[in-house]
Every structure is written in structure tokens, then in C-alpha cells.
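The structure under discussion appears below in the form of C-alpha cells.
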Amino acid sequence: MIPQQLGNLSSLLYLGLGHNLDLYVDNLHWVSSLSSLESLDLSYVNLSKAYDHWLLALNMIPSLQELRLSYCYLSHIHFPSHINLTSLETLDLSYNSLKLGGSILCTFRNNMSLLIYLDLSSNNINSVIPNCFYSFSNLEHLHLSNTNLHGIISSDVANLTSIVNLNLRGNALAGKIPSFMGKLCNLEEFDLAGNNYKGSVSMVFESLSGCLSKSLKSLNLGGNSFDSFTGQILETYMRHFKKLHVLSLRNNIFSGPIPLSIFGNLISLKTLDLSSNNFSGPLPEFHASLSKLESLSID
């Protein structure tokens, strides 16, 4: 058990007790005494007995910039009347059992406008992507995988002008990927695998063209339900993605010959996954410009 006497260390700036699987606490009241704390990592610490007041205690530390509570057996959030965590830049609440409705998430937005990193993966949002999320102008990393999201990606996604990593995998998102995605000029990693998208894959690359195509390094469109992406991958759009290091199109329903020549424009490509599709015909010759390729899956 973590001793409550740690609360006597009033000048402490950093407290990292994460990744200790046997640690637990009865409550977090003592944390509120760490008035100078800037970084707190309790990942993997069992906080199940502190579920009803953990945020109330942390709310007493306005200097807090980094908070990591991943795998902490949390199940509830009880919000105080006013959120004081206005200095927070990193918030990781991933892999808990939190029920995070849109109104709760928008409370984060209204009081944590400096957030750069937000990870809510493997909790239960069970809604469309809350509109307030699109107004995190400083956000660089947004992880919402396996959170029961559904509906569409709003055109307001263009407001995430600082976003570098956007992970939406393992949800039930559908519809059309908005062309406004192409305006995310800083986006380097985009994971949309395991959703319910269907239709022509060329439409996807058309939507992602624009300044995004000049920054994107990793794109995962694998395994979108039973309908999946179909059609041909057209060079018209692919040739713009010259910075792509990782491209996964696995577990869709592409057919016909494997069009490796199309990927010849992807001069930075290191990993290419075309597995679990319906390709046919002979294995084509590798394009000379794929010299950086380290991993190729086409089974």
C-alpha cells in the first residue's frame, strides 16, 4: 500500500509510482497536500477504493501538468463544482472502466484548454465524438481507441490544427471521411482500423489529400467490419503521400492484381500490409523505389 505520509513532501515536483502491479491505495486525500506537484504517474496502481474522490483530491493541485492514471481500476468520475486543473498538458486515463458521456468530456474541454496529450482509450464513451473535442486547439495526441464511438467524424475535425497523432481504432465510426481531414497539416499518425467504413478506398485517399498528405507517416485502414474498403488504389492520390513509413490496408476486400507499382511513389515506405484481401494473379516485381521497405505482408 502507498503510505499516506507521502503527502508530507510538500515541495515534491514529480511523483512516479506507476507500473508497480502490487501497489494500491485506500484513498488519495494525501495527494492534495502536494501543492507543488507538476507530474503524477500512478499507472497500474489499484485505485478502486479511491474511486469516489480521486478527482476531488487531484483538483487541489493547480500546478499539475502531467497526470497518468492508466490501468488504475477506476470506474467513476465525480466532478467538483469547479475544475482547477488548468495547467494540465498530459492526461492519460486509458484502460479503466470509466463511463465518459459527452457532458463529462466537455467539462475537460472547458477547464483543461492547455491539453497537449489526451488518452481515453478503452473506456466507455458510447456516443459520437463530442463536438467540444474538435476545439482542443493545442492538442497534439488524441487517443480514443476502443471507446464505443459511433456516427461520423465531423468536418469540425479541421479545427484540430495542432494534432500529430489521432487514434480512433476499434470503434463503430462510419459514413465518409470528411475532406477537411486533408487540412490537418501536422498529422503524422492516423489509425482508423476496425471501424465500420465501407466503399471505395480511392475516396479515402482523396479525402486525405491536401497538406495532410505531405505530413502523414503512418496510416492504418485495416479491418473495417464486414463491408470494408473496395475498389482500386489509384496513383492519382497515392503519389502525394511521400512521407508514409507505415501503411496498413489489411483485412479489406480489395481484388485483382496486387498493384505494387502504385506504391512506387511512396519512397519512405518501411512497412506495407496488404494481407487478408482478395488479390489474385502473379506476384508483381517490386518497384525499385521501395528500397526502404522492411516489412511486406500480402498473404
Legend entry - Tabulated pairs, the stretch 1-27, first within 23 Å of S94 (Cβ to Cβ), second open to solvent by 100 Å² or more (accessible area, probe 1.4 Å) and modelled with pLDDT of 85 or more, C-beta under 8 angstrom, 6+ apart or interchain: Y24/K49; V25/K49; N27/K49
Inset, instruction - State which residue is surrounded by the most Cβ atoms within 10 Å (Cβ to Cβ) when the search covers only the stretch 228-239 and only residues that are in contact with a Leu (Cβ under 9 Å, 6 or more places away or on another chain) and in a loop (DSSP other than H, G, I, E, B). - result: I233
Inset, instruction - Give the residue, chosen from S43, S81, S33, S113, that is polar (S, T, N, Q) and in contact with a Leu (Cβ under 7 Å, 6 or more places away or on another chain). - result: S43
Inset, instruction - Identify the single condition in (1) among the basic types (K, R); (2) in contact with a strand residue (DSSP E or B) (Cβ under 8 Å, 6 or more places away or on another chain); (3) at pLDDT below 95 that R109 does not satisfy, given that it satisfies every other one. - result: (2)
Legend entry - Near pairs, Cβ below 7 angstrom, 6+ apart or cross-chain, from the stretch 248-261 (in contact (Cβ under 8 Å) with a residue 40 or more places away in the chain and open to solvent by 80 Å² or more (accessible area, probe 1.4 Å)) to any residue that is in a loop (DSSP other than H, G, I, E, B) and of a type outside the set (A, V, I, L, M): R250/G222; R250/G223; R250/S275; R250/S276
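Under the condition of being more than 21 Å from S255 (Cα to Cα) and aliphatic (A, V, I, L, M), which residue from the stretch 193-224 is surrounded by the most Cβ atoms within 10 Å (Cβ to Cβ)?
L216
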Inset, instruction - Kindly check whether there is at least one residue in the stretch 13-33 that is in a loop (DSSP other than H, G, I, E, B), of a type in the set (S, T, Y) and open to solvent by 30 Å² or more (accessible area, probe 1.4 Å). - result: no
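The values are calculated or read from the model by the stated rules, or taken from the named source; none is laboratory data. Predicted, not measured: the structure shown is a model, and the values here were computed from it. Ideal geometry is used to build each Cβ from the backbone, glycine not excepted, and the neighbour counts take in all protein chains shown. Ligands, DNA and RNA are excluded from the accessible area calculation, which covers all protein heavy atoms including side chains. Shrake-Rupley method; radii C 1.70, N 1.55, O 1.52, S 1.80 Å.
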